[in-house]
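Notes to accompany the following structure.
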Amino acid sequence: MVGLVKEMSATSLNPVGPRTMGTPQLQDQPVSLRSILLQFFDRIEVSDRFERHDSLDSLATQMFVEATESWNLGVPRKIRMKVATVGLLIGTVAYRHTPIETQVAVAIYTYLGVMCDDDIMPTHVLREFAPRFFDGQQQLHPILDHFVSHLSILRRMFPPWSATTITLNTMEFVNAEMFVREEGGAEVRTTPEAVEYIDFMRWKNGVGEAFVVMIWPQVLFPETRTYIKAVPYAVQFICLDLLSYHKEAKAGETDNYVSLYASAQQKPVLQVLQDLVERMVEQDRCIKAVLGDGNLSDVAVKAKFKHILIDKRIRRPTLAGSEASKAMVNFEPSTRIVDHIVHLTPPGQLQETTKAWQGLGFTVVPGGTHADGLTENALVAFADGAYIELISFTHPLSYYPPNTPTHDARKSHSWASKHPGFIDFAFLGNAGYPSIAAAINARAEKDGSGAKYAGEVPGGRKRPDGQVLQWLISAPIQTKGIEDDVRGRLPFFCGDRTSRDLRVPHEKHETTHPNTSLGISSIRLLASNNDIALLAKQLTTVVGSSPSPPKSSSASGPPLGDTQKHDTYLWQLDSVRFGNVENAVWLKLNAPEDEAEEKWLRERGAGVYKIEVRTESEWNSSGTADGKVPTQSSAQEVVLVCKL
């Protein structure tokens with residue numbers, strides 16, 4: 001990956017522009033890096049391809065931002081923006097022949113890979129990557145966590161052999177990066193005996209195999225298998241650092257492929273570059289010979305084998321960087337990622353509720369006391385990144401002396417008048433920019449839904465281990481025409497100012513449950529017939545997309561349960577860790593279907609009535625076979641929905 005993203009300065013190559021094929025070869029001109037590169041472009045017949053790209057694909061950029069904006073990677077925004085531009089250029093330029101989803105997936109893969117390569121993480125974090133990957137443990141850095149999650153997405157996009165190649169080549173890349181830092185420094189690679197070693201390590205850390213097989217996602221996979229013979233040539237073509245050297249030389253870098261190769265061969269750098277041209281021209285010829293015509297004659301596909309390296313390296317990020325940065329700043333943040341659901345228990349009864357949920361087969365992790373001292377919690381966390389917050393007021397209102405600030409705060413708390421049970425739900429926010437509240441309020445003004453959110457307010461709590469957590473909350477505001485408490489009707493947003501991993505349990509032993517729960521399957525809201533249309537319109541504003549038409553339950557669709565008898569509004573939401581339809585979370589809104597639901601609605605008002613939890617297998621808990629939480633802690637149902 002070292003050479004993969006060290007882009008060349010296009011301005012220093014001008015005029016490259018369109019050039020007529022048949023231009024005299026440059027051997028008779030003074031030898032320079034520029035002349036060698038222009039000769040190379042001519043000989044592989046791509047010198048007319050270097051038009052300037054003034055903007056990136058807006059849809060791909062939007063999809064990229066929606067997928068990554070909420071990630072707390074611990075990397076300054078300026079660096080993330082720069083690396084994101086590189087990823088988007090690679091995805092949308094070199095893979096423009098693939099579906100938009102593939103382009104975005106490649107962009108995200110590159111984005112994460114670059115940050116593994118750029119000394120952002122200490123070596124010991126890379127050293128632990130493979131062991132933790134194979135053991136299914138949490139990685140030591142959020143970049144690597146997202147890398148692991150993204151590999152699972154890529155595995156579903158590509159044929160089995162290609163998908164496995166991507167995974168294994170990624171493991172080799174991280175391993176090679178770690179090895180070079182610890183054992184394989186420049187002093188090891190500058191002797192005549194090191195020539196083969198230099199090529200070997202370049203193959204390992206160049207990620208060439210992954211980027212070659214990503215040329216053909218499942219939907220474009222060639223009918224003939226002869227293409228496989230071109231892969232070794234294409235990998236070498238990508239890994240040879242002919243183009244990357246231009247920028248590295250300008251920056252004064254010497255620990256790069258070309259410089260080390262020259263030192264090991266005891267040759268001048270320009271001679272090594274000319275040798276590389278010959279090697280790459282021959283590889284290009286072999287690629288063409290293998291791919292031939294017929295089913296593989298599509299220029300867009302064939303060109304990727306030989307131009308993938310050129311398209312992504314010849315263009316400096318700043319050429320499209322201003323456009324990409326502007327686009328990323330202007331794009332709205334994602335407002336559809338499920339963070340957690342809030343379950344209230346009577347004051348001082350958190351321990352009893354914890355035992356009740358454990359009786360249902362859930363693993364419950366102790367939380368802590370919130371910053372205001374009024375509430376405490378415990379958490380039921382899932383592998384998909386969402387969790388259920390079991391919350392309780394530490395004391396009843398009568399505990400606090402009247403006419404004191406604490407008494408008033410307890411009395412006016414947004415959940416003070418709520419009945420025990422599910423009372424609210426939260427989507428994942430961000431660290432404050434771009435503003436979630438501003439984005440939703442702008443949508444509401446445009447569509448006239450009346451939804452309104454308050455600006456982000458800081459909050460936090462202290463964990464039992466003393467760790468202080470900080471976050472930002474943006475909550476809906478009560479508006480005219482809404483009789484019910486708006487909290488619980490619409491989600492609030494919780495964004496992290498400290499790492500989300502500190503707030504949300506994520507270790508395997510914390511997210512593994514005896515009842516085999518995997519994550520939230522659906523959140524069901526109840527509203528009256530008179531209110532449901534307005535609430536649906538406001539939820540559409542918040543989520544940012546219109547509801548889907550009702551479907552029958554299936555592995556790839558929403559689990560409807562008994563709600564399919566009536567009109568049901570359905571929104572597909574995203575989980576924090578998984579992005580596929582199979583693991584989607586469904587927000588369901590419908591009117592009461594029987595007297596029990598009517599009674600519930602009269603007592604509580606519109607809000608969260610039931611959640612469904614996806615499980616790996618059937619589960620029956622002693623005394624709670626219907627999945628109902630004991631009445632002392634909730635009047636709601638937790639339905640365990642078997643995944644299989």
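The values are calculated or read from the model by the stated rules, or taken from the named source; none is laboratory data. All values reported here derive from a predicted model rather than from experimental measurement. Because the Cβ atoms are built from the backbone with ideal geometry, glycine has one as well, and the counts that use them run over all protein chains shown.
Being under 30 Å from His506 (Cα atoms), buried (at least 17 other Cβ atoms within 10 Å of the Cβ) and modelled with pLDDT under 90 is a condition met by at least one residue of the range 196-205. Taking each residue of the range 71-92 that is more than 18 Å from Met121 (Cβ to Cβ) and among the β-branched types (Val, Ile, Thr) and looking for partners that are at pLDDT 85 or above and crowded, with 20+ Cβ neighbours inside 10 Å with beta-carbon atoms closer than 8 Å, six or more apart or interchain, yields Ile90/Val106; Ile90/Ala107; Ile90/Thr110; Thr92/Gln103; Thr92/Ala107. Output the residues belonging to the range 437-453 that are of a type outside the set (A, V, I, L, M, F, W, C) and closer than 12 Å to Val542 by Cβ. The answer is Asn441, Arg443, Asp447, Ser449, Gly450, Lys452, Tyr453. One residue stands out among those in the range 454-480 that are in a loop (DSSP other than H, G, I, E, B) and either more than 27 Å from the chain's Cα centre (by Cα) or not assigned by TED's automatic domain parsing to the domain that holds Gly544 (or both): the one that is nearest to Val543 (Cα to Cα), which is Ile477. Being small (Gly, Ala, Ser), crowded, with 16+ Cβ neighbours inside 10 Å and under 27 Å from the mean Cα position of the chain (by Cα) is the filter here, so list the residues in the range 439-453 that pass it. Correct list: Ala439, Ala444.
Ile477 meets the conditions (1) of a type in the set (Val, Ile, Thr); (2) over 23 Å from Thr68 (Cα atoms); (3) in contact with a His (Cβ under 9 Å, 6 or more places away or on another chain) in every case but one. The failed one is (3). Comparison of Ile44, Ile36 shows that the only residue that is over 29 Å from Asp574 (Cα atoms), at pLDDT 80 or above and aliphatic (A, V, I, L, M) is Ile36.
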